[in-house]
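The values are calculated or read from the model by the stated rules, or taken from the named source; none is laboratory data. Because the structure is a prediction, the values reported are computed rather than measured. Because the Cβ atoms are built from the backbone with ideal geometry, glycine has one as well, and the counts that use them run over all protein chains shown. Ligands, DNA and RNA are stripped out before the accessible areas are found, and what is left, the full protein with its side chains, is counted by its heavy atoms. Shrake-Rupley method; radii C 1.70, N 1.55, O 1.52, S 1.80 Å.
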Amino acid sequence: MSLQARVLGLSLALLLVVLGVTLATVSRATYRHTLDRAEEELVHARRLLIDKLDSRQRALGEAASALAKEDALRQAIFAGAGDAESVRLALDNHRLRTSADLSILVDLDGIVLADTGQPAASGRPFALPELLAEGGARVLRLGDRVFQIVAVPYYVPVSAPRPSLWLLLGRVLDDRLALELRDLVGVEVAIVAGGSDGRPPRAMAASWSGEPRAVASRLAMPAGDTVEIRELGDADYLITAAPLAAADTPPVTALLMRPTAEALLDYRELLGRFVALAALSALLAAGGAVLVARGVSRPIRGLAEAAQRIAAGDYAAELPLRGAGEVGRLAREFAAMQQAVGERETAIEYLAYHDDLTGLANRNRFRDEIARRISVTGGTAERRGRLAIVVLDLDRFREINDTLGHHIGDRLLLEIAGRLRREAAGGNLVAARLGGDEFGLLLAVEGVGDARRRIEELRHRLGEPSEVDDVRLDLEASFGIALHPDHGGDPATLLRQAEVAMYVAKERRLGVAFYDSSQDRHSIERLSLVGDLRRAIESESLELVFQPKLDLRSGRADEVEVLLRWHHPRRGALSPAEFVPIAEQTGLIRPLTAWVLERATAELAAWARGGDPLAAAVNLSALDLHDPELGRRILETLARHGVAPSLLTLEITESSVLEEPETARRILDQVTAAGVRVSIDDFGTGYSSLAQLKRLPVTELKIDRSFVAEMGRSPDVRQIVRSAIELGHNLGLEVVAEGVESDETLAALRDMGCDKAQGFGISEPLTAGELASWIAARAGGRAGVAS
Amino acid sequence: LAGWWTAAGVVAVLATPAMAAAAAVEVRVEQRDGAPLADVVVAALPLAGGPLAPPAPAVMDQRDRRFVPQILVVQRGARVAFANSDSVSHHVYSFSPVQRFQLYLPKGEPPPEIDFEHAGVVTLGCNLHDWMLGYIAIVDTPYFTKTDAAGAARLRDLPAGRYRLELWHPRVTDGDERLRHQVDLGGAAAPPWRLRLEQPLLPSREQEPAFQEYGGGG
């Protein structure tokens, strides 16, 4: 339902309700009022009628009194006493001078002397002796007519104290009188005799003729002063009755009637006018509502259509800006909103598809672009060649960032971005920053060879050193390439594959690597391990194991190397070599190291409490030595567990110190000052700097297992080991040999003067419980291995 | 029609005893409220028959448009002259059954005379002056009088014997029995008859003819 229809419907409905209620109220009130007024008028008419009849009666009485003083009549009556007919004729003669229709003389004994209407009545007793009283008056039915009769005493002489006769005068109540009364009181009048005395009522006179007269005769008289509505013939009448006869005579009633329709004429006219007025106002209101609704709904419809266009992305949609008031204002606000939304969408789109820092396309945009290119090439290698998706990642960016600061790092990224943008400007190449120091390139190639050639060229151009804030930086990067459609069909897969290839290139220092599905499996496992490892640290499903270090001089094992074992729920036990690099790459190494230190220190404390204190060596990652807080945390942990710092050895590699030499030095100085020992692990495999070694607060060298394992087979290696031992001793360091697998090797090392040895030949890594048993067994039969 | 007249008349008059020592009787009439009633006709009718004295003539005069006296009592058979002392004519009538007559009395003419041979009351009116009202009470005895302003009447010099005292007054409505009283007058004075009316008097309907003397008095 449209707004217009609703506004129209609602206002019309409201108006109709109001008009209906008003009409009903007014109608009822007016009807009641009109009827009341009609009733009042009828009551008034009745009063008027009664007054009229009363005055007629008085006039009749006065006429009778005057007649009784008439000398001639007196003569006629008394002089000719005894001659009834003469008296009657004289009486009738005198009656004619009055308005009376009837005259009667009755003597004091109640005997009729003369009756002008009834000659035969003379000498008979008068029928209504109760009428014979001073002021006696009645309305009587006599024969077929109704009379108003008054009686006056007839005094002879006039001043005599007692009357001689009764003189009665009567006037008929006939149609003429009814008409006269109607003209006077304004309503129809009927004189009805009988009706409440058992005799059927009969209309003796009426102001109208025809049907209603007959009907009036059948009518039951309304009681008392009430006004009633009666149906007479085919019309309703308001009727009321005025009893005319006294209680001691048969009933005679004046009936006053008025057609209800006539009484309600004013009402109907008023009602008609009101209905016309209501119809007119409904029409006007409807018209007004239509105008208002149209004025509101048309712009709103326009706005709705505009909104649809905006939703569809058409921000140029033209809005109905015309109009004042709320709707016009809404339209203007709408237009402003349209513009603002358009601008914001542009901004959002830019943000969504562009990298903040470099202004290059971002990963989303890059993925969209891959999809777009794929759809353009149609996915067939034969027709259009191939699409190369390239991910490049700067080498050693992290070190640059950490050592030179983010400011330089960002400048470097901008420099790369600038170079990539220049490449892109050459055409047929899309550059994007995928995040961090990772960039994406998209270019059309003919095949693997073409791709390799072009990427190598690109790598060469990008690799030119850059000067950032007077710092000269080599911009070396690793490139991973995935080819469409050879490697995958959808952008997400291709991007991931290129990233896997990039990791491979970086790990193997290949510079450029193509995606190989065998790498992919490896990479997926690695990625899944990250999550598992994080959960493992949190759920403590990692386990510490301990590999004893044997003191070759005393033959005692009073120190252990702490190693991690991870019982992976699907893959079983994993060695640190399998997951520590992942931890290092994903930043999990710090929580991992913290966990190991915490647990190892707790074990140290337990052993010390057991009365058989063991020392323990914990491996630190190179990344751990980037953390300036590490030293403080180690000492704090030791103090918290009440473990002597001299019981803890930290094993580090030479290269790990070299990454952040200053930080590493500070950490190591801090802990060694407290008594913690430091061991150089994997000695012999890295680039050793004897100067560096000498500056570090190191107490121990661990000769790498690769040398120790080869000792038995190669005299050269044996010589290297011997030299290393001597070097260590010359630097004042203890020397530990790792990876001892046979008694021969152990014996040779002892001969060479090596201080300690560890390896499967002595003991595999043991759990805490196993270690206790092993030490106990060793104490029982010490000679076994040592000898 | 005739009954009305008898109802108005109350007195029957009988002859007084011939032989007689003189006797007297006193009557006193009071209205219901004790006020004396004047002008009550009092007649003493002897119960024993015998010749009566001849009736004396009387005059009913008309003066100032009134009958004077208003109530005239005469013995049956008396001749009454209807005088006119007014300066206007009168037309006296009686429609009483006792004696009906009409007399035109022009001013200055000698008064006509009428003999009243029947006992009863004749009510007099005047056709020219409606308010005029007079009565002639004809009694069958020479012993009659009217009460004075004190309501008292005294009859003297009555022969001894038994009498029926009869009273009449136009406005009295008490029944005949109450208005009759038998007395035995045996020489000595009889005790007075004191009557207190039980019924109220009829209202007087006589009106002053004010219009008659417009601009003058009397």
- Message: Any residue at all in region B:134-148 that's within 14 Å of chain A (Cβ to nearest Cβ), within 14 Å of B:Gln62 (Cα to Cα) and hydroxyl-bearing (Ser, Thr, Tyr)?
- Response: yes
- Message: For the condition within 14 Å of chain A (Cβ to nearest Cβ), surrounded by fewer than 13 Cβ atoms within 10 Å (Cβ to Cβ) and at pLDDT below 95, what is the one hit in B:Glu208, B:Glu213?
- Response: B:Glu208
- Return the only residue of A:Ala691, A:Ala664, A:Ala673 being among the small types (Gly, Ala, Ser), under 17 Å from A:Arg633 (Cβ atoms), without any contact (Cβ under 8 Å) to a residue 40 or more places away in the chain and open to solvent by 40 Å² or more (accessible area, probe 1.4 Å). A:Ala673
- All positions within region A:645-661 that are open to solvent by 40 Å² or more (accessible area, probe 1.4 Å) and among the hydrophobic types (A, V, I, L, M, F, W, C): A:Leu658
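So that you can scan it fast, the table gives a plain yes or no per residue for (1) surrounded by fewer than 16 Cβ atoms within 10 Å (Cβ to Cβ); (2) modelled with pLDDT under 90; (3) assigned to a loop (DSSP other than H, G, I, E, B):
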{"site": "B:Arg28", "(1), (2), (3)": "no, no, no"}
{"site": "B:Gly34", "(1), (2), (3)": "yes, no, yes"}
{"site": "B:Pro51", "(1), (2), (3)": "yes, yes, yes"}
{"site": "B:Ala56", "(1), (2), (3)": "yes, no, yes"}
{"site": "B:Val59", "(1), (2), (3)": "yes, no, no"}
{"site": "B:Gln62", "(1), (2), (3)": "no, no, no"}
{"site": "B:Phe67", "(1), (2), (3)": "no, no, no"}
- Note on the structure: Within region A:756-767, the count of residues that are in a loop (DSSP other than H, G, I, E, B) and open to solvent by 10 Å² or more (accessible area, probe 1.4 Å) comes to 6
- Determine whether A:Glu770 is open to solvent by 70 Å² or more (accessible area, probe 1.4 Å), in a helix (DSSP H, G or I) and closer than 25 Å to A:Ala600 by Cβ. yes
- Being part of a helix (DSSP H, G or I), modelled with pLDDT under 85 and in contact with a helix residue (DSSP H, G or I) (Cβ under 7 Å, 6 or more places away or on another chain) narrows A:Leu67, A:Leu12, A:Leu49 down to just A:Leu12
- Counting only residues in region A:549-589 that are assigned to a loop (DSSP other than H, G, I, E, B) and farther than 30 Å from A:Cys754 by Cα, the one least open to solvent (accessible area, probe 1.4 Å) is identified as A:Leu588
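Yes or no: B:Phe95 under 12 Å from B:Leu124 (Cα atoms), among the hydrophobic types (A, V, I, L, M, F, W, C) and out of contact with any His (no Cβ under 9 Å at 6 or more places or on another chain)?
Values: under 12 Å from B:Leu124 (Cα atoms): yes; among the hydrophobic types (A, V, I, L, M, F, W, C): yes; out of contact with any His (no Cβ under 9 Å at 6 or more places or on another chain): yes.
In short, yes.
To keep it simple, each residue is scored yes or no on (1) outside the structural domain of A:Ile400 (by TED's automatic domain parsing); (2) assigned to a loop (DSSP other than H, G, I, E, B); (3) in contact with a Gly (Cβ under 9 Å, 6 or more places away or on another chain); (4) open to solvent by 20 Å² or more (accessible area, probe 1.4 Å).
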| residue | (1), (2), (3), (4) |
| --- | --- |
| A:Pro591 | yes, no, no, yes |
| A:Trp595 | yes, no, no, yes |
| A:Glu598 | yes, no, no, yes |
| A:Thr601 | yes, no, no, no |
| A:Ala606 | yes, no, no, yes |
| A:Asp612 | yes, yes, no, yes |
| A:Val618 | yes, no, no, no |
| A:Asp624 | yes, no, no, no |
- Would you call B:Leu128 within 11 Å of chain A (Cβ to nearest Cβ) and open to solvent by 70 Å² or more (accessible area, probe 1.4 Å)? yes
- Can you name the residue in region B:149-165 that is part of a loop (DSSP other than H, G, I, E, B) and open to solvent by 30 Å² or more (accessible area, probe 1.4 Å) and, of all such residues, is farthest from the other protein chains (Cβ to nearest Cβ)? B:Ala150
- Item | Scan of region A:455-511 for residues that are among the hydroxyl-bearing types (Ser, Thr, Tyr), surrounded by fewer than 21 Cβ atoms within 10 Å (Cβ to Cβ) and not in a helix (DSSP H, G or I), ordered by number | A:Ser466
